[in-house]
Amino acid sequence: MSGKNCFEILEKIFQPKKQEKIEDIKGYTIKYGHIMEKETVIDEVLVSYFKEPMSYTTENMCEINSHGGNIVMKNILELCLKYGAQLAEPGEFTKRAFLNGRIDLTQAESVIDVIHAKSEKEAQAGIKQLEGGLSEEISKIKQEILDVMVNIEVAIDYPEYDVEDVTNQEIMHMLDSVETKLEKLEKSFDNGKILKEGIKTAIIGKPNAGKSSLLNRILKEDRAIVTEFEGTTRDTIEEYININGIPLKLIDTAGIRNAKDAVEKIGIQKSKEIAKNADLIIAIFDASKQLSNEDKEILEIIKGKKVIILLNKIDLKQKLHKEDADFKEVTTSIMEISALNNIGIDEVYKEITKLFEINEINIDNDLVITNIRHKNLIHQARQSIQKTKNTIKEKMPIDIVAVYIKEILEELGNITGEFVTEDIINEIFSKFCLGK
């Protein structure tokens, strides 16, 4: 419970072993006792006390640690509600922390990033933002702009001193510096998107090329059905694995061929759509057979994409080789493997790491943007910088220049929540679960 009345409600339902006045209880302490409904013991509990402003929300807070079990927890919850508590809305605890000034909006958003992290690196990026990494960088950039705004205000208020030319030179120098820093942040989103969403990887090939065997080998479990019959996979199978701390979203697709029925036709069309939108395509070919028309269609589909070609079944008599011109026209990432015998699978991991420069994503030293809202606002700020530069080049009055600079500050302020609207705040916290 959090809020000004939480201790009053607690006193009505909690009987501690050692009675003390609430003003004598120190924050960050735990008391042992029982939750009671009149004379009836509901549960034996430990209650943690947090006193304003030294709490997550900066308000008075308490946490009731009960035994597990839905009945016990439901009874305690109903008692809290009976004596005046209200159920929290999604994200309300973190929202209160933001509204009460303990954290800014970027830190609040990082809470949900940490909760939903699918890899160690994504969690590390979330923790760094929770600690204020992005807030600090945005604050430094804003201060750099504000230092110049002081001289702009002087030029506007005292035009007789004719300092506008000098001020314009100073503004251009500041804008160049700020743009460089914002460009670096915006570009980091490419890595941030990989950290947050993973590398969307489509495994495509004709039936019985070994797609499902490859998926099972990578996952180290029999996730997909493997038989000698063609067309076993008729819909997509999706799984996540981690490669050097980066989530890889693997999608095993239906084999591409002339469909024999309506269901298979839908599955094949879906396979082509997934391949079109994938970050990476792993195209697998049966190396024991000559290229078929279906194989050639697949080579056309993957042209111009980020692709790894796997020539599977090298344990059999090989008819396809990585030196073949058909493959070299599409990509230089060509490997010979046997999914059945686990030959060459480790090399696939290394090739993915190299293609996406995974080892170059340094969470310890680099600030990485993972939130599309932040990326869009940074992009808008960069556009406002260009508008400001154009007004200076067109020799517009200094007060017009000041308007565009204030736009930059407002867009940066929207990132941290300084100028953000209530609708955006509500939308952000609606994505949280209860109790966060």
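Couple of notes before you dig in:
- Candidate set from region 2-53 (those that are part of a helix (DSSP H, G or I) and acidic (Asp, Glu)); member that is nearest to residue 68 (Cα to Cα): 11
- Residue satisfying condition, being at pLDDT 55 or above, part of a loop (DSSP other than H, G, I, E, B), out of contact with any Asp or Glu (no Cβ under 6 Å at 6 or more places or on another chain) and of a type outside the set (S, T, N, Q), within set 270, 260, 265: 260
A quick yes/no check of all residues on (1) among the polar types (S, T, N, Q); (2) assigned by TED's automatic domain parsing to the domain that holds residue 120:
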position: 350; (1), (2): no, no
position: 377; (1), (2): no, yes
position: 383; (1), (2): yes, yes
position: 397; (1), (2): no, yes
position: 410; (1), (2): no, yes
position: 419; (1), (2): no, yes
position: 422; (1), (2): no, yes
position: 436; (1), (2): no, no
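- For region 98-107, residues that are of a type in the set (A, V, I, L, M) and either touching a Lys or Arg at 6+ places or on another chain (Cβ under 9 Å) or surrounded by 21 or more Cβ atoms within 10 Å (Cβ to Cβ) (or both) total 2.
- Only a single criterion out of (1) in a loop (DSSP other than H, G, I, E, B); (2) within 29 Å of residue 357 (Cβ to Cβ) is not satisfied by residue 84, namely (2).
- Within the option set 47, 41, being free of Cβ contacts under 8 Å to residues at least 40 places away in the same chain, among the β-branched types (Val, Ile, Thr) and under 24 Å from residue 92 (Cα atoms) holds for one residue only, 47.
- Looking only at residues of region 213-239 that are at pLDDT below 80 and hydroxyl-bearing (Ser, Thr, Tyr), we find that the one that is surrounded by the most Cβ atoms within 10 Å (Cβ to Cβ) is 233.
- The one condition in (1) more than 28 Å from the chain's Cα centre (by Cα); (2) assigned to a helix (DSSP H, G or I) that residue 129 fails to fulfil: (1)
- Here residue 117 does not fit the description of being within 30 Å of residue 423 (Cα to Cα), among the hydrophobic types (A, V, I, L, M, F, W, C) and assigned to a helix (DSSP H, G or I).
The values are calculated or read from the model by the stated rules, or taken from the named source; none is laboratory data. Quick caveat: nothing in here was measured; it's all calculated off a predicted structure. Cβ: placed from backbone, ideal geometry, glycine included. Neighbour counts: every protein chain shown.
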